[in-house]
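Reviewing the structure listed below.
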């Protein structure tokens with residue numbers, strides 16, 4: 001078989017493509033690097049500027065606003081544990097990366113999802129790309145990310161975006177398409193324009209589903225922190241990664257626990273926002 | 001009725017679902033059946049060359065079983081579904097050829113629709129739902145809320161405006177659907193199985209209310225239903241559909257009494273006639289005596305006809321009372337006039353009383369019950385045997401009235417097969 005058809009030089013082509021992109025689109029990647037770096041650093045600066053205890057109180061208040069006292073209690077105690085263990089700054093750095101990645105996922109994902117929900121062709125193109133983004137091992141697209149964005153926080157953010165965006169897009173499409181057809185018919189029958197139908201009917205009704213998508217995106221972005229730390233993104237992931245390479249179980253556990261706490265807090269709060277009427 | 005203007009005129013409208021619509025349309029005009037077309041082209045004929053007219057201010061019912069194409073047909077009227085061929089003229093303007101913008105204006109101003117499953121927006125309050133059509137038109141908040149409140153008032157939902165749809169029962173939700181449609185003040189209401197999702201008692205109430213509402217708002221209503229009783233109750237005229245074809249159009253009476261083919265016949269055979277037929281349909285010619293003629297003539301007439309009592313009327317055929325043979329003979333002996341001996345305590349019904357509402361009177365009466373119009377003129381009498389015969393569907397006992405006939409002058413024409 002291999003004698004009859006020579007092996008496709010796929011690896012070679014991909015390498016060449018990456019090199020070509022790196023050279024010809026340097027300006028593009030450089031400007032993305034500048035913007036993202038500025039964004040994450042600004043966010044870190046802002047969050048570290050606020051005294052830790054005040055920030056804990058603020059997040060606790062947010063939890064209390066959207067949910068009951070139990071989540072509030074968990075949030076406050078959990079964050080105090082992270083503070084006490086000495087991972088506060090790392091936690092902020094992780095949070096900044098996750099929030100940035102999710103923010104980008106939302107501003108790209110929701111419009112794309114809306115577009116795909118309206119046009120069948122778009123959906124047919126987008127769906128396999130989403131499959132690719134979700135199933136291709138994250139390490140693999142970390143390699144070209146280094147070429148494009150160098151070492152640091154940016155390739156971490158970019159790979160988090162790639163990995164975390166699909167649920168937002170998918171659930172936006174699903175949410176809009178799940179709006180009962182008779183309600184769509186009603187809005188048509190009363191003479192809605194396409195944008196009226198979208199803004200007054202489809203998006204509000206799809207909101208809970210879209211929020212579930214955003215929630216999933218946050219979780220996936222968080223799951224990328226250790227992988228992102230391998231290309232130099234700072235934060236709790238770096239601590240975990242270091243503990244692994246130095247075989248320090250205790251430290252690894254402390255950093256890991258911090259990630260778990262952040263994950264639960266973010267998950268519960270965004271879930272509550274999503275299901276709230 | 002003839003002078004009434006035509007609001008909607010549908011000409012040869014066809015809807016074919018599928019890819020090879022051109023080919024299917026060709027085959028359809030060559031007279032191929034729905035089945036053959038499905039086999040040859042893979043296309044489904046939704047509506048096949050339907051033509052009908054809806055007059056201004058009437059309730060036009062399109063009725064058929066599920067899959068008969070009635071829901072498709074009503075959606076062709078406001079182009080929620082685009083027809084494959086044919087014309088839909090609303091006020092002489094062809095909806096099919098309209099630009100999107102023009103069509104939108106027609107949907108906003110002229111036609112409103114009420115849906116089977118209500119199709120309310122769950123995140124909007126009742127008031128916001130009612131004002132939806134107005135909001136789409138860009139009306140100011142204050143103005144549209146005022147109009148919506150009036151519409152809610154009309155359907156009896158005042159006080160619920162700040163609730164959400166899921167807090168209301170099905171019947172109330174559909175009232176909101178109706179209010180939303182009325183708020184636009186359209187000429188035409190399309191009601192797609194509007195009451196089918198409601199339980200029977202509520203459904204009947206809603207039908208009554210629709211009729212009452214219709215007498216005050218006077219819209220042109222196209223009402224879709226699969227329920228024959230509903231169609232007969234509310235329809236001024238009914239179009240019966242089967243397999244995408246309109247098989248008969250007529251008044252409820254025409255459909256019931258003269259089914260145009262076996263399908264319609266089978267459809268109507270289970271109808272509860274007592275809820276459709278009126279006194280008018282089953283009454284017989286009344287034998288009367290003019291009161292001035294005196295007891296002798298009355299007695300003579302009774303003897304000739306072999307009956308034991310006779311109704312006495314004045315010159316205008318106004319019912320005055322009843323005379324029995326025994327009383328007439330006594331009067332003759334004592335030289336009394338008919339005026340003095342007639343029994344005036346009569347049980348009477350009006351011509352449009354439903355059979356179901358007159359059983360009681362007919363069964364209790366010892367003499368045939370008189371049918372009188374609102375000027376108290378005697379129109380006919382109800383004989384027990386004939387009522388039962390009519391109920392059994394025996395056409396010998398059912399009078400068919402021509403639409404143009406003047407009820408006040410013509411005698412009922414009894415149809416004999």
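FYI, it's all coordinate maths here, none of it is from the lab. Predicted, not measured: the structure shown is a model, and the values here were computed from it. Reconstructed Cβ throughout: ideal geometry from the backbone, glycine too, with neighbour counts over all protein chains shown.
Each 5 Å bin from zero holds the following percent of Cα-Cα pairs in segment A:135-255: 2, 11, 15, 14, 12, 11, 9, 8, 7, 5, 3, 2, 1, 0.
Given in Å, the Rg to one decimal and the Dmax to the nearest whole number for the Cα atoms of segment B:114-226 are 13.0, 40. State log₁₀ I(q)/I(0) for segment B:3-162 at q = 0.17, 0.18 Å⁻¹ as given by the Debye formula over alpha-carbon point scatterers of equal weight, solvent excluded. Debye output, listed in q order: -1.09, -1.15. Averaging the sequence gap over all C-alpha pairs within less than 8 Å and six or more residues apart, then dividing by the number of residues, gives segment B:40-174 a relative contact order of 17 percent.
Inverting the mean 1/r over all pairs of different Cα atoms, compute the Kirkwood radius of segment A:55-170 and quote it in Å.
Details: mean 1/r = 0.0604 Å⁻¹.
In segment A:55-170 this quantity evaluates to 16.6 Å.
Its residue count N fixes a reference of 2.2 N^0.38 Å for segment B:279-397, and the Cα radius of gyration divided by that reference is 1.08. Against the main long axis of the alpha-carbon atoms of chain B, helix B:100-109 sits at an angle near 40°.
Length available on full extension from residue A:132 to residue A:147: 0.36 nm per residue minus the Cα-Cα distance, which gives 3.4 nm. The separation of segment B:29-98 from segment B:277-292, counted between C-alpha centres, amounts to 45 Å. Take the Cα radius of gyration of segment A:211-251 and divide it by 2.2 N^0.38 Å, N being the number of residues; the result is 1.37. Spatially, segment B:118-164 and segment B:296-347 are offset by 63 Å when compared through their Cα centroids. As a size descriptor, the averaged projected area of the C-alpha convex hull of segment A:10-275 was calculated at 16.8 nm². Helix B:200-217 and the long axis of chain B differ in direction by around 90°, with both axes built from C-alpha atoms. Directionally averaged projected area (chain B, Cα convex hull): 25.2 nm². Note on segment A:147-162 and segment A:199-252: Cα centroid distance 14 Å, given to the nearest whole angstrom. Summarising the label geometry, the points placed 7 Å from Cα in the beta-carbon direction at residue A:48 and residue B:308 lie 11.4 nm from one another. Altogether, the Stokes-Einstein calculation at 25 °C and 0.890 mPa s, with the Kirkwood radius of segment B:49-109 over Cα pairs as Rh, returns a diffusion coefficient of 194 µm²/s.
Straightening the chain between residue B:363 and residue B:94 buys 91.3 nm, computed as 0.36 nm per residue apart minus the Cα-Cα spacing.
The mean of 1/r over all distinct Cα pairs in the protein assembly as shown, once inverted, gives the Kirkwood hydrodynamic radius of 32.2 Å.
Using a cutoff of 8 angstrom between alpha carbon atoms and counting only pairs six or more residues apart, the relative contact order for segment A:45-152 works out to 16 percent.
May I ask you to derive the relative contact order of segment A:10-275, considering only C-alpha pairs under 8 Å and at least 6 residues apart, and to give it as an integer percent? Here the relative contact order equals 24 percent.
Relative to the dominant Cα principal axis of chain B, helix B:325-334 is inclined by about 40°.
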